[in-house]
Amino acid sequence: MSDDPPVKAGSAVANDLSAFWMPFTPNRQFRLAPRLIDGASGMYYTTPDGRRVLDATAGLWCVNAGHCRPSITAAIQAQAAVLDYAPPFQFAHPAAFTLAGRLAALAPGDLDHVFFCNSGSEAVDTALKVAIAFHRMRGEGARTRLIGRERAYHGVGFGGISVGGMVNNRKHFGPMLAGVDHLPHTYSREHQRYANGEPAWGAHLAEDLERLVALHDASTIAAVIVEPMAGSTGVLPPPAGYLQRLRRICDRHGILLIFDEVITGFGRLGAAFAAERFGVTPDLLCFAKGVSNAAAPLGGVLARAGVYNAFMQGPEHVIELMHGYTYSAHPMGVAAAHAALDLYAEEGLFARALALEPVLAKAIHDLRDAPFVEDIRTIGMAAGIDLAPIADAPGKRGFEMMRQCFHELDMMVRVSGDTIALSPPLIISETEIGAIASRFRAALTKLA
Ligand SMILES: Cc1ncc(COP(=O)(O)O)c(C=O)c1O
């Protein structure tokens, strides 16, 4: 137990940081030099000591329209005063249906139905469960196997870490789900170094799915789940043609294809969804984060008509899918999402991301001669920069870079091992893109 005095309720600066067990954070180290944030507006965070911090990560890949947008704030405030909560089991509030309709209209093809939840992790678990249940509904109950991919991040539920492929997120948690296999990841420094957009090399890696089909037989495989662009593992754009091949192999064998678009949805790659950018429609599409501009939690799964209809066959009084969350389609998340979708449309933010893609790509690729830089990948409003690891201390250089950026250069970046990910809000200006690049170089120079 700490001997420090307790936090004074309402004090602007917390003086004892031990009660909050922080997620994905070295808790004890954090307390030595806390990175506290107490305000935000547009492209900037503010800190209790009065600094303005350039947000080069849109929070956690989620504040796509920038911070504290007045129309979203007003929508949440109005909603809180009118309907705080409505149970989503057996009852519903009208705005949930209109939001589902808007999302279906935004999504490609016949992704026409939306199952709501609150986070990306829940969206992934929902999609995996729907996939397995879908086959059972159609009399193919032996199709239970799930195929993920190395270096994938699908959140932190047992389903998500089972199909995920980041070893540190998996190794502490036992055997996880049974009956899971993995495709190889698509990154090769040798063949793809300094890729701008989709790398030319690597589409053939999709053929590994044929090997898994040969090994397990298609009749045991329910679904394949991939991030169209792997985000958390360091921004790995898909090789040109890879997703198309995966789609074809899934179709050949009756396997559902799930896209986890928790990061790529809502403009990150210059389209509503990566599915649209790459011209590949999955059977199930997971979303969260940008759907509500992160102003209130919301996530969900879009399902193609054929998937949804398979559930709508039995007696009408029977619940078709035994699954849901107390906060599915929570009124505050739904209100935030309606307002966020309005903003995205009014300000043309998805097209803006596409138009700015070459500007971000140039600014970040120009860093290739900066100290420690080993590789750079860019696509849409996202960039991954690999730094040379310190011998025997993997992750330390990346962590120091993140700290340096925040404390010395007033910029928030995201670190994953020795890779720094950049994913600014889509409202970013060309000047601010320049500022990200120059601060990044300055931070690296200070580290050198
Ligand atoms: C691709 C992907 N899937 C799922 C998740 C999990 O989302 P959440 O943290 O909202 O559970 C994330 C989070 O970054 C993600 O990037």
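Just so it is clear, none of the values below were taken in a lab; they were calculated from the coordinates. Because the structure is predicted, anything quoted here is derived from the model rather than measured. No Cβ is skipped: glycine too gets one built from the backbone with ideal geometry, and neighbour counts run over all protein chains shown.
Pairs of C-alpha atoms in the stretch 272-396 farther apart than 26 Å represent 48 percent of all such pairs. Annotation: average projected area of the chain is 22.5 square nanometres, based on the convex hull of Cα atoms across all directions.
Neighbour counts of C-beta atoms inside 10 Å place ARG28, ARG403, ARG170 in the sequence ARG28, ARG170, ARG403, starting with the fewest.
With only the Cα atoms considered, the stretch 73-173 has a convex hull volume of 176 Å³ per residue. Return the equivalent ellipsoid semi-axes of the stretch 105-147 as a descending list in whole Å, where each equals the square root of 5 times an eigenvalue of the C-alpha gyration tensor. The equivalent ellipsoid of the stretch 105-147 has semi-axes of 21, 15, 9 Å. Ordered by the count of other Cβ atoms within 10 Å of each Cβ, fewest first, HIS317, HIS365, HIS204 give HIS317, HIS204, HIS365. The alpha carbon centroids of the stretch 17-56 and the stretch 143-217 are separated by 32 Å.
As a length-normalised measure over Cα pairs under 8 Å and 6 or more apart, the relative contact order of the chain settles at 21 percent. Computed over the stretch 22-142, the quotient of the alpha carbon radius of gyration and 2.2 N^0.38 Å is 1.47.
The charge dipole of the stretch 72-346, taken about its Cα centre with unit charges on the Cβ of Lys, Arg, Asp and Glu (plus for the first two, minus for the last two), comes to roughly 540 debye. For the stretch 141-234, the share of alpha carbon pairs falling in successive 5 Å distance bins from zero is 3, 13, 23, 22, 18, 13, 7, 2, 0 percent. Restricting the stretch 110-186 to chymotrypsin sites (Phe, Trp or Tyr not before Pro) that sit in a DSSP loop and have at most 11 other Cβ atoms within 10 Å of their own Cβ leaves PHE173.
Put in line by how crowded their Cβ is, counting other Cβ atoms within 10 Å and starting with the fewest, SER423, SER162, SER292, SER219 read SER219, SER162, SER423, SER292. If the cut-off is 16 Å between C-alpha atoms, which aspartates and glutamates fall inside it for LYS171, apart from same-chain ones fewer than 8 positions away? By straight Cα distance, LYS171 reaches GLU150, ASP181.
Ordering MET137, LEU246, ILE428 by Cα displacement along the dipole of the chain toward the positive end leaves LEU246 in first place; charges were set at the Cβ atoms of Lys, Arg (+1) and Asp, Glu (-1). The DSSP beta bridges internal to the chain are antiparallel in roughly 65% of cases.
Largest mean-square fluctuation among HIS407, HIS182, HIS113, in a Gaussian network model of the chain whose springs join Cα atoms under 10 Å apart, belongs to HIS407.
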